[in-house]
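Student: Got a structure here, written out as structure tokens. Questions coming.
The values are calculated or read from the model by the stated rules, or taken from the named source; none is laboratory data. Remember, it's a predicted structure, so these values are computed and weren't measured experimentally. Don't worry about glycine lacking a Cβ; one is built from the backbone with ideal geometry, like all the others, and counts go over all protein chains shown.
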Amino acid sequence: MNILHNQHKHMLVANRTAFMIIGIIEAAWAPLVPYVKNAFAIDEGTLGLLMLCSGLGSICALPFAGLSVSRFGAKKVVHVSGLLMVAALLAISLLADLWLTGCMLLVFGACTITIDVAANVNGIAIERKTGRHLMSGFHGGYSLGTLIGAGAMSVLFTLGIAPLWSVVLCMTFTMAAMVFGCRDLLPSEELKAEEPVEKPSTKRLYVPPMVIVVGLLCFIMYASEGAVMGWAAIFVSEERGVDMAQAGFFYTAFAVMMTVVRLSGDTIIDRLGRKNVVAIGAALVSLGFVLVVTVNHVMATIVGFALVGMGAANIVPQLVSFAGSIKGMEVSAIISVVNALGYSGILLGPVAIGFVAKHYELGTSFAGIAAFCMVVALVSWRILRPQR
């Protein structure tokens, strides 16, 4: 019994580490953006196109991510993709050529989504092995990783260390964590052993409608997270008169609250059930955006963004976990489809918000997101089975 308990514990640590690695490496890229802009003397439009390369790489890799995990297992996919991701970031930090940077961002985005699919599929298999709700804690590892990555790179830059050597130092520790921390990810045989007994549909290109529904709900939630990430600082500086130097604290309130709630999310799910947590969380996100838009006060804005982080923390992890139980399709393929729709929200959401803000105002965009999040609350209340 103790041996089985230790095996499960090692698997939990490995999967949480895999998510944390994605967060660290993704966040390590963000502080490099100003250096890239200055090194190549490009304007905001060109920088936007350059950053889109990462999203394009993610979308292009999605059809192959699930197949790779199904064939080679989570452990091999995470190790290979993590190595390529680190190599791409090192090449970017050389600041040698604009076209090289664009190509490396394509690789960077492709590897990000591949590790994400592998970690989610592995997490669903562990949930089935243990019979426990674990996905929120796994995604909490990602949120913690973003804080570590952004904080580490910011400190290194503050100390005056060049971008290349900052990346080398940060990625050395990241690679060590990946090699030693992800040793207990599952091979392909064990992932397939945890598939539902029911055979997937033999119809080619068949996607169960429920997979599309869950993917669209993830699209909305990813778009809401992208709205805070991309537009919170602009909103508080233009609409609330906050100095740009302090504007980042509003996103920090969102990120810290999301990390804390995710890390305690598995306990919350066990007590309240998946259905309640997702539906109430979506309602909290909606309330947070309404508070940000309607109350013209700095503290109310901080509380509003914190509510968004608190509510959104466990929604996507639990929707992904629920998606793994849908019949008629392999789990790896389901996660690929759900991630494809979800990540489209990150790409298209901020663009749509900018378009609406251009013709109306940014507050109108946030109000629209609040309305869509209420749709998530109502739909999830309807489709999710009450679980404890």
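Student: Quick check on my filter: what residues within the stretch 22-31 are out of contact with any Phe, Trp or Tyr (no Cβ under 9 Å at 6 or more places or on another chain) and at pLDDT 80 or above? First the steps, then the outcome.
Tutor: Quick first cut of the stretch 22-31, residues out of contact with any Phe, Trp or Tyr (no Cβ under 9 Å at 6 or more places or on another chain) only: 27-28, 30.
Of everything in the stretch 22-31, just one residue is out of contact with any Phe, Trp or Tyr (no Cβ under 9 Å at 6 or more places or on another chain) and at pLDDT 80 or above, namely Ala28.
Student: Which one of the conditions (1) of a type outside the set (A, V, I, L, M, F, W, C); (2) surrounded by fewer than 19 Cβ atoms within 10 Å (Cβ to Cβ); (3) within 21 Å of the chain's Cα centre (by Cα) does Gly102 fail to meet, given that it meets all the rest?
Tutor: It is condition (3) that Gly102 fails.
Student: Considering only residues that are surrounded by fewer than 24 Cβ atoms within 10 Å (Cβ to Cβ) and in contact with an Asp or Glu (Cβ under 8 Å, 6 or more places away or on another chain), which ones fall in the stretch 325-344?
Tutor: The answer is Lys327, Gly328, Glu330.
Student: Here's something else I'd like to know. All but one of (1) touching a Ser or Thr at 6+ places or on another chain (Cβ under 6 Å); (2) farther than 30 Å from Gly73 by Cβ; (3) not charged (D, E, K, R); (4) not in a helix (DSSP H, G or I) hold for Val292, so report the exception by its number.
Tutor: (4)
Student: Would you point out the residue of the stretch 345-386, among those that are closer than 29 Å to Ala118 by Cβ and surrounded by fewer than 17 Cβ atoms within 10 Å (Cβ to Cβ), that is modelled with the lowest pLDDT?
Tutor: Arg385
Each row is one residue, and each column tells you yes or no for (1) over 24 Å from Gly137 (Cα atoms); (2) in a helix (DSSP H, G or I); (3) not assigned by TED's automatic domain parsing to the domain that holds Gly309.
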| position | (1), (2), (3) |
| --- | --- |
| Ile220 | no, yes, no |
| Ala223 | no, yes, no |
| Val228 | no, yes, no |
| Ala232 | yes, yes, no |
| Val242 | yes, no, no |
| Ala253 | no, yes, no |
| Val256 | no, yes, no |
| Val260 | no, yes, no |
| Ile269 | no, yes, no |
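Student: From (1) at pLDDT 85 or above; (2) surrounded by fewer than 18 Cβ atoms within 10 Å (Cβ to Cβ); (3) within 18 Å of Gly368 (Cβ to Cβ), pick out the condition that doesn't hold for Val308.
Tutor: Every listed condition holds for Val308 apart from (2).
Let's see how each residue does on (1) in contact (Cβ under 8 Å) with a residue 24 or more places away in the chain; (2) more than 19 Å from Ala255 (Cβ to Cβ); (3) surrounded by fewer than 24 Cβ atoms within 10 Å (Cβ to Cβ):
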position	(1), (2), (3)
Val121	yes, yes, no
Arg128	yes, yes, yes
Arg132	yes, yes, yes
Gly137	yes, no, yes
Gly145	yes, no, no
Ser154	yes, no, yes
